[in-house]
Amino acid sequence: MSKTVSIAIDGPAGAGKSTIAKALAGELGYYYVDTGAIYRTVAYFLDLLGISPKDTDGVERYIDELTVAIEYDEDGKQHMIMNGMDVTDEIRTQDISQKASLVSAHKVVRDMLLDMQRDVARHNNVIMDGRDIGTVVLPKATVKIFLTASAEVRAQRRTDELIAKGQKANYSQILKEIQLRDHQDSTRPIAPLKQAKDAVLVDTSALDIDGVIAEIKRIVGEKIGL
Ligand code: DC
């Protein structure tokens, strides 16, 4: 088997994983795999059918009717395909964030998505971000990073981001949502959000984007000799 390089970046919602992973993947010429988008696609599908993300029977009954695929466009942007339909933009709502967190706790959902994620890394050099990449999906990843920041800093960044886009943002509401998602993602019994023993912890609370990218590049560079 040819040897591929895999960089696992895990951490809570809003830690900046996707921004960092995307920038680094562009520089290294690796595929960027946003695994949260896959869970979001499942959540969106069940939502369209009116199935509650907490309804285990409903999730188990309808999950077989879903086909999820990842495609990349010529700019390297990841697209999520749900039963042949591109839902990349539709899955980016606050409502789907919350539902994806609940849906991702079901064993049937995690089992269904595991091979798909591993397959991408088997054939390509990847930077994969999520919650359980270093612990479950790619336990032998070449580099593992656990990216975090305080809930308050993450909520403030998200608030600023929305305001910059001209959208409404309520800091305390956003903070509550982040804390709820942290709790759900880290306390579920299967593949919870947690730092792998061999992951390097990077706390971004006091760093700006360029600072974080520099730090991650240093960590990756040490491992793979950039
Ligand atoms: O990274 P994100 O915010 O797009 O993820 C949405 C939800 O999907 C997250 O709250 C938990 C779930 N998720 C997961 O359980 N495992 C992953 N590897 C990625 C995301």
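When Val103, Val153, Val126 are checked against the criterion of being open to solvent by 20 Å² or more (accessible area, probe 1.4 Å) and hydrophobic (A, V, I, L, M, F, W, C), Val153 stands alone in meeting it.
Of all the residues in the stretch 12-50, those that are open to solvent by less than 30 Å² (accessible area, probe 1.4 Å), under 23 Å from Thr148 (Cβ atoms), small (Gly, Ala, Ser) and near the ligand (Cβ under 9 Å from one of its atoms) number 3.
Can you pull out the residues in the stretch 77-86 that are open to solvent by 80 Å² or more (accessible area, probe 1.4 Å) and touching a helix residue (DSSP H, G or I) at 6+ places or on another chain (Cβ under 6 Å)? The answer is none; no residue qualifies. Say whether the condition of being over 14 Å from Arg40 (Cα atoms) and out of contact with any helix residue (DSSP H, G or I) (no Cβ under 7 Å at 6 or more places or on another chain) is met by at least one residue in the stretch 101-113. There is at least one residue in the stretch 101-113 that is over 14 Å from Arg40 (Cα atoms) and out of contact with any helix residue (DSSP H, G or I) (no Cβ under 7 Å at 6 or more places or on another chain).
Go through the stretch 191-206 residue by residue and tally those that are open to solvent by less than 60 Å² (accessible area, probe 1.4 Å) and touching a residue at least 60 places away in the same chain (Cβ under 8 Å). Summing the residues that are open to solvent by less than 60 Å² (accessible area, probe 1.4 Å) and touching a residue at least 60 places away in the same chain (Cβ under 8 Å) in the stretch 191-206 gives 6.
Please enumerate the residues belonging to the stretch 163-176 that are open to solvent by 20 Å² or more (accessible area, probe 1.4 Å), in contact (Cβ under 8 Å) with a residue 12 or more places away in the chain and either within 15 Å of the ligand (Cβ to nearest atom) or of a type in the set (A, V, I, L, M) (or both). Once the filter is applied, which keeps residues that are open to solvent by 20 Å² or more (accessible area, probe 1.4 Å), in contact (Cβ under 8 Å) with a residue 12 or more places away in the chain and either within 15 Å of the ligand (Cβ to nearest atom) or of a type in the set (A, V, I, L, M) (or both), the stretch 163-176 yields only Leu175.
Listed here are the residues, each with its yes/no results for (1) touching a Lys or Arg at 6+ places or on another chain (Cβ under 8 Å); (2) in contact (Cβ under 8 Å) with a residue 40 or more places away in the chain.
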position	(1), (2)
Ala15	yes, yes
Ile38	no, yes
Lys107	no, yes
Asp111	no, no
Arg118	no, no
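The residue that is nearest to the chain's Cα centre (by Cα), counting only those in the stretch 51-76 that are open to solvent by 80 Å² or more (accessible area, probe 1.4 Å) and without any contact (Cβ under 8 Å) to a residue 24 or more places away in the chain, is Glu71. Within the stretch 87-100, the set of residues being open to solvent by less than 70 Å² (accessible area, probe 1.4 Å) and out of contact with any Leu (no Cβ under 8 Å at 6 or more places or on another chain) comprises Val87, Thr88, Ile91, Thr93, Ile96, Ser97, Ala100.
The values are calculated or read from the model by the stated rules, or taken from the named source; none is laboratory data. Just so we're clear, the structure is a prediction, and the values are computed from it rather than from any experiment. Positions of Cβ are generated from backbone atoms using ideal geometry, with glycine treated the same way; all protein chains shown enter the neighbour counts. Only protein heavy atoms, including side chains, enter the accessible area calculation; ligands, DNA and RNA are left aside. Shrake-Rupley method; radii C 1.70, N 1.55, O 1.52, S 1.80 Å.
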